[in-house]
Amino acid sequence: MSYPREDPVAFLESQGWAFKQQGQELVTMCPFCEKPDHLWINQESGVWKCHRCGESGNLYQLRKRLGLANGNGRFQTIGQALGAKSKRIPPERVEAMHAALLKDQEALDYCTKTRRWSVEMVKRFKLGLRVDGRGKWLAYPWWRRGECVGTKYRILPAYQDAFPQRFEREAGCESILFNVDALTQHEEILLASGESDALALLTLGFDNVVATTTGETSLPASAVDSLSKKIRVLIPFDNDATGQKGAREIGKRLGFDRTWLVTLPAGVKDVNDFLIQGGTREGFEAQLGGAVQFDVPTIVSVAQALDALEEVARLGAWDRIEDTTPWLSVNRLLGVWHPGDLNVFAAPYGTGKTTFLLNIAAHWAQRGFPVLFYCLEMPIRTLIAKVVRAHYQCPSTEEQDVEAVPMDVIERARQDLAEWPLYLGSDPRLEDREETFDLLRQAVRRYALRLVIFDNLGFLARSVEHRHEEIGLLSKAFKRFAMELEIPVVLVAQPRKLLPDHVMTAWDIKDSADIPADGDQVVLLHRECLASTSGAKAVQSAGTGSANYSPLTLVRLDKGRIRMTRDTVLYCEGAQHRFREIETDEAHGRSRC
């Protein structure tokens, strides 16, 4: 099968290799003969060759030979699956906004007097000014090797009351760290919680500074790769519960062994506030000297457990989605999925469980919750086609393959969906248990996943003589994985042979009784077979155009550790690859697809 093409620049940055650009070629040291400036990598194709020792290949082969094959090429974002290209900001536009800022006294005063950033930093990063019908916006360009790959805008305080949304970002641009070039120059990094904090640290004289551009709890996958190779990452996030929780989340993704929490003085809101209140480089160095590593508790006291409960009560569970599925009736059935939950889904073949779970994955991603859908039964092109058809209610027909999505719909999806944090994986060769969970752990870490959907368990079992034992071990491993990574996991299981129209139970799940036993929830789907099971009648009715299965779909919570087992019904819009709530007349009829 084919894998998504990896960005050669992101690869080099993730490995911390210094390089320079010559036309379309990226030039760096050869890892085989260690000759500087002799390994050339094509920026478009990723094909590489050393002009001394003659070694050559593509990036996947390079990763494999160096022991770096960590799954980066095993997943696709929805944007990659759609073939979306990241936008670049034209240099003349950046220069025009920068010139506008230097000429506007109100905006310049905000930077140098309100925020206290040095004029040198304002000019170095070419901060700009955008003016529209809503007011004045400060522009933060995101630079990488002299190229502006994105911009964030902050509305100036004088205009904020009329427009409460303080921040916007240039749509269609790649997410990177602010001042990302510092990663190639330093082994100890200060990770600030935004552009303003980074500019404050740079003004204080610290050069080893980068900053998140997508929020305190979020890091681009390439940034995780790069930062996790640094000797030490110090995290001076906001001095409130949300900032401290975000710092811990990033510490978990980068590795607690290399991350240090920097606590700000009492009464100081954030790093920029430290500068505003007259803080000095020496004063901040004192705070760095008091940095501590994160605790990694597996056993806590009652008092510590109550503290954690209080944190949720005060902050809310920002990392948990309240409406688990797109359907109100199913949400009432399933409730909220908690970190550590293993949710088992099963249904007879052809019921639509993959479609059902893709609908849920898209629902999470559309709301900003990163989710991985890993499928061993379908290629990524089929998965993305189902997502696009369901979102736009674009039906496929009997004459049209599901993957034959109209070009105008694909282009629309590239504009609308490319930035959804939905990740797709598909590799039927995946068969080793350790490799599987290592791959999934890396995905959780790189993409800050809040949900993993794995379809399906049966494909991982390779043993013929000891299949039941192997499936049981895999089931328990998925439960341990959910608890270890502190996210809900959805696991698809297969039913054993069933009698026609038999509504399965949890004990009809194939291979092992451990599967329903390990699950915190067991959810079953069922659609009534409308086709005749009598040979003669089936032949007589063939070709009439009638569908074999009813669109009315039973959704049954067959097991719930803390919820009553109940049923609800959805309507399967098979051609559109989506489920929806049923209408009143449909609930009383037996209409066919």
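The numbers here are math on the coordinates, done by the rules we state, and not lab data. Please read these numbers as outputs of a predicted model, since none were measured by experiment. All Cβ positions, glycine included, derive from the backbone under ideal geometry; neighbour counts span all protein chains shown.
Find how much the distance from Glu465 to Asp109 grows on full extension, using 0.36 nm per residue of separation minus their present alpha carbon separation; answer in nm with one decimal.
Numbers: separation 356, 0.36 × 356 = 128.16 nm, distance 7.50 nm.
Between Glu465 and Asp109, full extension yields 120.7 nm more.
Multiplying the sequence separation of Glu92 and Tyr349 by 0.36 nm and subtracting their Cα-Cα distance, what value in nm do you get? It would help to have the intermediate numbers written out before the result.
Details: separation 257, 0.36 × 257 = 92.52 nm, distance 5.68 nm.
Difference between extended and current length: 86.8 nm.
Using the empirical formula 2.2 N^0.38 Å as the baseline, the Cα radius of gyration of the stretch 91-169 reaches a ratio of 1.04.
The Rg/Rh ratio of the stretch 442-492, with Rg taken over Cα atoms and Rh as the Kirkwood radius over Cα pairs, comes to 1.03.
Each Cα pair of the chain feeds into the Kirkwood radius, which the Stokes-Einstein equation turns, at 37 °C and 0.692 mPa s, into a diffusion coefficient of 123 µm²/s.
Over the residues of the chain, the helix contribution to mean residue ellipticity at 222 nm works out to -9500 deg cm²/dmol, using -39500 (n - 2.57) for each DSSP H run of at least 4. Across the stretch 213-223, coupling constants 3J(HN,Hα) worked out from phi with the 6.51/-1.76/1.60 Karplus curve, θ = phi - 60°, read 10, 10, x, 5, 9, 10, 9, x, 4, 5, 5 Hz, and Gly and Pro carry x. Note on Gln24 and Ala100: with the Förster distance fixed at 30 Å, the Cβ-Cβ geometry gives a FRET efficiency of about 0.35.
From the P(r) of the stretch 8-69, could you give the percentage of C-alpha pairs in the tail past 19 Å? Walk me through the numbers on the way to the answer.
On the way: 296 of 1891 pairs.
Summing the P(r) of the stretch 8-69 above 19 Å gives 16 percent of all pairs.
For Pro516, the shell of other residues with beta-carbons less than 10 Å away shows a net charge of -3, using +1 for Lys and Arg and -1 for Asp and Glu. Listed values for the stretch 434-451 are Karplus-derived 3J(HN,Hα) couplings in whole Hz (6.51 cos²θ - 1.76 cosθ + 1.60, θ = phi - 60°), namely 5, 4, 4, 6, 5, 4, 5, 4, 5, 5, 4, 5, 5, 10, 6, 4, 10, 7, and x replaces Gly and Pro. Working from label points 7 Å from Cα in the Cα-to-Cβ sense, the Lys476 to Arg381 distance is 4.2 nm. Remark on the stretch 328-521: Rg and Dmax equal 17.0, 51 Å (Cα only).
For the stretch 183-266, just say rounded, prolate or oblate: build the C-alpha gyration tensor, square-root its eigenvalues into a ≥ b ≥ c, call rounded for a/c under 1.5, and beyond that prolate if a/b exceeds b/c, oblate if not.
On the way: a/c = 1.42, a/b = 1.06, b/c = 1.34.
Rounded is the answer for the stretch 183-266, as its axis ratio a/c remains below 1.5.
Size descriptors for the stretch 325-377, from the alpha-carbon set: Rg then Dmax equal 11.8, 31 Å.
How do 85-97, 512-524 rank on mean C-beta neighbours within 10 Å, highest first? Don't jump to the answer; show the numbers that get you there.
Working: 85-97: 14.2, 512-524: 21.9.
Highest to lowest by the protection proxy: 512-524, 85-97.
In the chain, taking the dipole from charged Cβ atoms about the Cα centre, the farthest positive-side position among Trp137, Thr565, Gly205 is held by Trp137. Each label was represented as a point 7 Å from its Cα along the Cα-to-Cβ direction; for Asp567 and Val402 these points are 2.6 nm apart.
Within the stretch 458-536, which GluC sites (Glu not before Pro) sit in a loop by DSSP and count at most 16 neighbouring Cβ atoms inside 10 Å? Display every interim value, and only then the final one.
Values: sites: Glu465, Glu469, Glu470, Glu484, Glu486, Glu528; in loops: Glu465, Glu486.
Here the GluC sites (Glu not before Pro) that fit, given the DSSP loop and packing criteria, are Glu465, Glu486.
Rounded to the nearest 20 debye, the dipole size of the chain about its Cα centre is 440 debye, using +1 on the Cβ of Lys and Arg and -1 on the Cβ of Asp and Glu. Label-to-label distance, Cys529 versus Lys229, with points set 7 angstrom from Cα along the beta-carbon direction: 5.6 nm.
Which of the trypsin sites (Lys or Arg not before Pro) found in the stretch 391-480 are in a DSSP loop and have at most 15 neighbouring Cβ atoms, other than their own, within 10 Å? All intermediate terms of the calculation are to be shown ahead of the outcome.
Numbers: sites: Arg412, Arg414, Arg429, Arg433, Arg441, Arg445, Arg446, Arg450, Arg462, Arg467, Lys476, Lys479, Arg480; in loops: Arg429, Arg450, Arg462.
Loop-located and lightly packed - Arg429, Arg462.
If you wrap the stretch 10-143 in the convex hull of its Cα atoms and look at it from every side, the mean projected area works out to 11.8 nm².
Mind jotting down the distance between the C-alpha centroids of the stretch 183-213 and the stretch 7-45, whole Å? Cα centroid to Cα centroid, the span is 25 Å. Using θ = phi - 60° and the Karplus relation 6.51 cos²θ - 1.76 cosθ + 1.60, list the HN-Hα couplings for the stretch 559-567 in order, rounded to whole Hz, with x at every Gly or Pro. Coupling constants for the stretch 559-567: 8, x, 4, 10, 10, 5, 6, 8, 10 Hz.
Set Lys and Arg Cβ to +1 and Asp and Glu Cβ to -1, take the dipole of the chain about its Cα centre, and tell me which of Ser512, Pro370, Phe256 lies farthest positive. Farthest towards the positive pole: Pro370.
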